[in-house]
Amino acid sequence: MSKENKVAERIRSYREKLGLGVAELASKSGVDEKVISSIEAGEVIPALGVLTKLSRALGQRLGTFMDDQFKPDPIITRAADLDSAAVRRTGSNALGYSSYSLALGKPDRHMDPFRIEFDAKGVDMASSHEGEELIICIAGEVELTYGTEKFVLSPGDTAYYNSVVTHGLKAVGGKPASIYGIVFMPL
């Protein structure tokens, strides 16, 4: 099945799951009814702007319709996979951490869960964005910078915060650290 047909099939599938007719989706999205019918028939490849309007109207993230990988629920990540080199990639990025998505193959996700490994001498790169995050420290110690405050998390400690506030994470104590991080960004 071509990528274009996957897009058409996914749009139709989500529209039907919501019990919407083509006319209702057109009204909700602002995309012409004939265009939607042509997209669902596989006759037209939607432009990114059109696909964005449709994904918002269907309550899905854009990746739902664009991701090539798909696995049926539930997405299971085995502990053995998390202890493998897939997480501890050779030569972490310049910021001193590597990550492993815990949602590979789930394009209709609303959260992005990760296992993140920090090098002992990582860099605290602060950022901010829409949404919320949950951090669960599982090994070592991690310093969370949140605005102007700093907090040290030990194994078992958690932090839940609004991501619009500038924040950053790094290992402290001269040892590597590991966390589970879950990021939610609203549609």
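The values are calculated or read from the model by the stated rules, or taken from the named source; none is laboratory data. Quick caveat: nothing in here was measured; it's all calculated off a predicted structure. Neighbour counts run over all protein chains shown; Cβ positions are idealised from the backbone, glycine included.
Here is a check on your reading of the model: is ALA57 in contact with a Ser or Thr (Cβ under 9 Å, 6 or more places away or on another chain) and at pLDDT 75 or above?
In short, yes.
I'm checking my understanding of the structure. Among residues of region 173-187 that are out of contact with any strand residue (DSSP E or B) (no Cβ under 7 Å at 6 or more places or on another chain) and on the phi < 0 side of the Ramachandran plot, which one is surrounded by the most Cβ atoms within 10 Å (Cβ to Cβ)?
Across region 173-187, the extreme among qualifying residues is MET185.
Which residue pairs have Cβ atoms under 9 Å apart, sit 6 or more places apart or on different chains, and have a first residue in region 23-37 that is outside the structural domain of ALA8 (by TED's automatic domain parsing) and a second that is assigned to a loop (DSSP other than H, G, I, E, B) and of a type in the set (Asp, Glu)?
none
Within the bounds of region 20-41, is there any residue that is exposed (fewer than 15 other Cβ atoms within 10 Å of the Cβ) and at pLDDT below 80?
no
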